[in-house]
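Student: One structure follows; several queries about it will come next.
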Amino acid sequence: MAIEKILVPYNFSAQEEKALDFIVRTYANRDDVQVTLFNAYTSLPTVDMQAGPEMAKMKMGLARLSDEIREKEAGLKSAKEFLVRNGLKDDQVDYIFKEKEKSTADEIIYTVSKHHYRVLVLSRQLKVGGLFGRSIHTKVLSTLKNITACIVT
């Protein structure tokens, strides 16, 4: 039996919680699925705290951002636990939490291609901000081929 690999970009909004509900309704109690939650975070800048008193002031802000990154990873673990509590087995659910090297859309495209995911579950709210920003959906869906994309609204 072939395993259906599913990638769920997860950014901790109410909309992504709907995506988790969709996964449970559609795939719970099936043995032929592997679900991966995905989040790529913006890396923290490297700051030399010895460079001067101004840099030392940044230490508190960087510590707060570092805490936010840890909270996001804890959020992914919590989302995984939700899926396991609601019908998927622990070994059917994992997550990728990585430092962003490219745009969010490019990270998703790369991950789908590299790991051969066949299903992509997107939230309606995944967008790049700004007037000239391009929807993540647009870039991902126009680039990827031979996958099933579900957009949860």
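Student: Enumerate the pairs (first residue in segment 131-149 and closer than 13 Å to residue 119 by Cα and hydroxyl-bearing (Ser, Thr, Tyr); second residue anywhere and at pLDDT 80 or above and surrounded by 11 or more Cβ atoms within 10 Å (Cβ to Cβ)) with beta-carbon separation below 6 Å, excluding pairs fewer than 6 apart on the same chain, so at least 6 apart or on different chains.
Tutor: Going by the 6 Å Cβ cut-off, the qualifying pairs are 148/119.
Student: Something else about it: With the requirement that a residue be touching a residue at least 12 places away in the same chain (Cβ under 8 Å) and of a type outside the set (Asp, Glu), what does segment 16-29 give you?
Tutor: 18, 19, 20, 22, 23, 24, 27, 28, 29
Student: Continuing with the same structure: Exactly one of these conditions fails for residue 56: (1) at pLDDT below 95; (2) crowded, with 16+ Cβ neighbours inside 10 Å. Give me its number.
Tutor: So the condition that residue 56 fails would be (2).
Student: Still on this model: Pick from segment 2-11 the residues that are in a loop (DSSP other than H, G, I, E, B) and under 12 Å from the mean Cα position of the chain (by Cα): which of them is surrounded by the fewest Cβ atoms within 10 Å (Cβ to Cβ)? Let's see the steps before the verdict.
Tutor: Quick first cut of segment 2-11, residues in a loop (DSSP other than H, G, I, E, B) only: 2-3, 10-11.
After this cut, where a residue has to be under 12 Å from the mean Cα position of the chain (by Cα) as well, the list is 10-11.
Working: 10: 25, 11: 18.
So the residue we want is 11.
Student: How many residues are in contact with a Phe, Trp or Tyr (Cβ under 9 Å, 6 or more places away or on another chain), modelled with pLDDT of 95 or more and surrounded by fewer than 20 Cβ atoms within 10 Å (Cβ to Cβ) if we restrict to segment 99-118?
Tutor: 1
Student: Being crowded, with 16+ Cβ neighbours inside 10 Å and either of a type in the set (Asp, Glu) or modelled with pLDDT under 95 (or both) narrows it down to one residue among 19, 14; which is it? I'd like the intermediate steps shown before the answer.
Tutor: Values: 14 fails: crowded, with 16+ Cβ neighbours inside 10 Å.
Exactly one of 19, 14 is crowded, with 16+ Cβ neighbours inside 10 Å and either of a type in the set (Asp, Glu) or modelled with pLDDT under 95 (or both), namely 19.
The values are calculated or read from the model by the stated rules, or taken from the named source; none is laboratory data. Note that the structure is predicted; figures quoted are calculated from it, not measured. Cβ coordinates were reconstructed from backbone atoms using ideal geometry, including for glycine residues, and neighbour counts include every protein chain displayed.
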